[in-house]
1. I'd like to check something: does segment A:181-199 contain any residue that is open to solvent by 50 Å² or more (accessible area, probe 1.4 Å) and in contact with a Gly (Cβ under 9 Å, 6 or more places away or on another chain)?
2. What pairs come up if the first residue lies in segment A:310-325 and is within 9 Å of chain B (Cβ to nearest Cβ), the second is of a type in the set (Lys, Arg), and their beta carbons are under 7 Å apart, counting only those six or more places apart or on different chains?
3. Inspect all residues belonging to segment B:6-14 and state whether any of them is within 11 Å of another protein chain (Cβ to nearest Cβ), under 30 Å from residue A:319 (Cα atoms), within 20 Å of the chain's Cα centre (by Cα) and at pLDDT 90 or above.
4. Just to verify a result, which residue in segment A:200-227, among those that are open to solvent by 30 Å² or more (accessible area, probe 1.4 Å) and of a type in the set (Val, Ile, Thr), is farthest from residue A:153 (Cα to Cα)?
5. Taking the conditions exactly as written (open to solvent by less than 10 Å² (accessible area, probe 1.4 Å), within 26 Å of the chain's Cα centre (by Cα) and of a type outside the set (Ser, Thr, Tyr)), does residue A:482 satisfy them or not?
6. If you scan segment A:282-309, which residues turn out to be under 19 Å from residue A:373 (Cβ atoms) and either within 13 Å of another protein chain (Cβ to nearest Cβ) or outside any helix (DSSP H, G or I) (or both)?
7. Let me spell it out: the conditions are (1) modelled with pLDDT under 95; (2) part of a helix (DSSP H, G or I); (3) in contact with a helix residue (DSSP H, G or I) (Cβ under 6 Å, 6 or more places away or on another chain), and residue B:31 meets all of them except one. Which number is the exception?
8. When residue A:435 is evaluated against the numbered criteria (1) away from chain B (no Cβ under 14 Å); (2) open to solvent by 40 Å² or more (accessible area, probe 1.4 Å), which criterion, by number, is the only one it fails?
Amino acid sequence: MQLAKKETVSKTSVQALPISKPESRLYMSFISVAFISLLIGGLMGLLQVLVRSGTFTLPAGIDYYQVLTVHGVILGLVLTTYFIIGFHFSLMGKTVGISLKQRKVAWIAFWIMVIGTVMTAVTILYGEASVLYTFYAPLRAHPAFYIGLALVIVGSWVAGFVNWHQLKVWKKAHPGEKSPLLAFMVTINTVMWFIASLGVAVAVLIQFIPWSLGYAETINVLLSRTLFWYFGHPLVYFWLLPAYMAWYAIIPKIIGGKLFSDSLARMSFVLFLFFSIPVGFHHQLTEPGIDPTWKFIQVTLTMMVVIPSLMTAFSLFATFEITGRRKGAKGLFGWFKKLPWKDVRFLAPFIGMLAFIPGGAGGIINASHQMNSLIHNTIWVTGHFHLTVATTVMLTFFGISYWLIPHLRGRKLTPQINRLGIIQAIIWTVGMTIMSGAMHIQGLLGAPRRSSYSEYGGGEQVTEWIGYQMAQAIGGTILFIGILLMVYIFIKLTFFAPKGVEEFPIAEEEEDAEATPAWFENWKLWIGITIALILVAYTVPVIDIIQHSPTGSVPFDFPIGR
Amino acid sequence: MRKQEVKKASEKDKPDLKGTFVSVMLLGVFIIITWFGAFALFISR
């Protein structure tokens, strides 16, 4: 009994602090940039699918790859990062609070990111950075593109530092108490983001900026790609974990249930921290110059991510079943009917969860070492991440917006907006099923990703592809209608919805839930294991890459680049 | 007898998760089918 007491920390009730107007302004600023990005990035997506249908030519000599770069950068990097940071701040503000000083520093983070975003956007719009969102060397962009990206990352670090400080101040004021679950999750995500983005920061500062300025004649291409993917895979989890935060700790409240297990949720986040970073080689499986042994080791580590993903799936099914049975559901799947299907705060994220089933299954195929050659650099991969980030993550972010924006703006989610939201979620699902499905099949038929419309000299295999490209144009057009509707809903919720109070739903634990072990708060242990795994997975191959790489490459500005 | 009653009571407290069990099993089957589908394609090419 004594031991049990020592090993656990006291349970605390869910914190729900009021959010002041100046705080709301900060959080809404981040979220607003995300929705502006959605509109611009979505329009670029529409142009791409139209061009690839072979029936449309871009006007005024606009280059396809310029449009593609805007689409990738503004949706993959800008929209996601701004929404996530705004959501992180809202969760921290609600559960542990934010001081005036912390808020001021958070504004500095916002403006650093805005300056960086504007610099990057201007270089892309001037056609000086058509290097796609992965900015692979030896394609060269204008130095302002890289400096702008570096500023966005630095701004996001400052935001993360504020989050850590918020939790630290709270813990000082609440000795012996476990940190609120959502604050714990935000801290995991920001720690992961910081450790991961160090890789891309090193690549940008040490390799790309001097090389694009002409101070360095050549660049080590393999090293730059390795540093990018050291960052690029955890980037995917940086997008996904905020969706998981909503699934674990917010959705149960929306459906009228309780948190399934505080400890399970924390454990799955800790496992994501461990296994999101030392796995970047599974994006480089066809790359020469990396020893296959180290590829195999990182493939094995990648498969470890399946564990917390399946823990999440189990936990969600269990939450739905327990809640449904409490509402009187009978039979094996009777609980399914008890879910609030007419509540868009639930429906949109639920469709996101469903999309993650084929998304995750596709991910396992992608990371299966030699089998990766089946789909590598085909449009299957594009179809894959349009399921994961553009459906799972986006529909969950939309689901969050339906309560978060009115909560921050002192307004109400009306039945009319709720209905529009349901229509929006259905439009998104139809559009994405057509577009992503066509991309998956076309990829299996060998069609490349990232390429503008081409008949490839009239090859026989190519004739199989055009039908799928037409389907992508139809799906993409439906998706753009979904984007227009979502932007309309955003404006309505922000400025025109009736004044009132909208709930900030945070799930509570069961009355008799087991206490969470105190060792979950051992940050030194979690960060130590994370760093150890990274060192094991990367030290030898990176030394190998530096020592044995061929001569570096001079910049290429053609066919795409500057 | 008393022991049995205690056992019965604790079983009653446990949530019924049969639907969850079947759901995660179906999820596993879906992953396996898609993986082997891709594997068959990989081998045949």
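1. Yes; the residues of segment A:181-199 include at least one that is open to solvent by 50 Å² or more (accessible area, probe 1.4 Å) and in contact with a Gly (Cβ under 9 Å, 6 or more places away or on another chain).
2. Qualifying pairs under 7 Å: A:324/A:338.
3. No, that holds for no residue.
4. Only one residue fits best here, namely A:218.
5. Judged against the criteria, residue A:482 is a match.
6. Hits for segment A:282-309 are A:284, A:285, A:286, A:287, A:288, A:289, A:290, A:291, A:303.
7. All conditions pass for residue B:31, except number (1).
8. (2)
The values are calculated or read from the model by the stated rules, or taken from the named source; none is laboratory data. Here the structure is a predicted model, which is why all the values come from computation and not from measurement. Using ideal geometry, Cβ is built from the backbone for each residue, glycine included, and neighbour counts are taken over all protein chains shown. The accessibility values were calculated without ligands, DNA or RNA, using every heavy atom of the protein model including side chains. Shrake-Rupley method; radii C 1.70, N 1.55, O 1.52, S 1.80 Å.
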